[in-house]
1. Which condition number in (1) acidic (Asp, Glu); (2) at pLDDT below 85; (3) part of a helix (DSSP H, G or I) is the one that ASP90 fails?
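The values are calculated or read from the model by the stated rules, or taken from the named source; none is laboratory data. From a predicted model like this one, the values you see are computed outputs, not experimental measurements. Please note: Cβ atoms are built from the backbone with ideal geometry, for glycine as well, and neighbour counts cover all protein chains shown.
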Amino acid sequence: MISKQRIIYIPFVGILILSLFVVLFLATRKRISKSTSSKKVAKHKVETPPDEALKYWTADNMRNAKAVPLPKVNNLDREKPNPQPSKQQDA
């Protein structure tokens, strides 16, 4: 005997509600990712040939070079706190 398989039809309203949830989820995810992104990276072309850069960076120029100030970060988003260093006793 061949048994008939029952086909379960999802009502049209259910499909609409599911589609609405998917669209809302994707829209909020895209909006959140835009709001958390920081400033865009600036790009520029380097027209100096590599040989000239190697000639410039002599030992004296490297010794006298000044460090570039790093950007300041005000909002740190850390998932875990830093572990406290353990005090080791000399035995």
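1. Failed condition: (3).
Rundown of residues vs (1) within 30 Å of VAL73 (Cβ to Cβ); (2) hydroxyl-bearing (Ser, Thr, Tyr); (3) at pLDDT below 85; (4) surrounded by 10 or more Cβ atoms within 10 Å (Cβ to Cβ), yes/no style:
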{"residue": "TYR9", "(1), (2), (3), (4)": "no, yes, yes, no"}
{"residue": "GLY14", "(1), (2), (3), (4)": "no, no, yes, yes"}
{"residue": "LEU18", "(1), (2), (3), (4)": "no, no, no, yes"}
{"residue": "LEU24", "(1), (2), (3), (4)": "no, no, no, yes"}
{"residue": "THR28", "(1), (2), (3), (4)": "yes, yes, no, yes"}
{"residue": "SER38", "(1), (2), (3), (4)": "yes, yes, yes, no"}
{"residue": "VAL41", "(1), (2), (3), (4)": "yes, no, yes, no"}
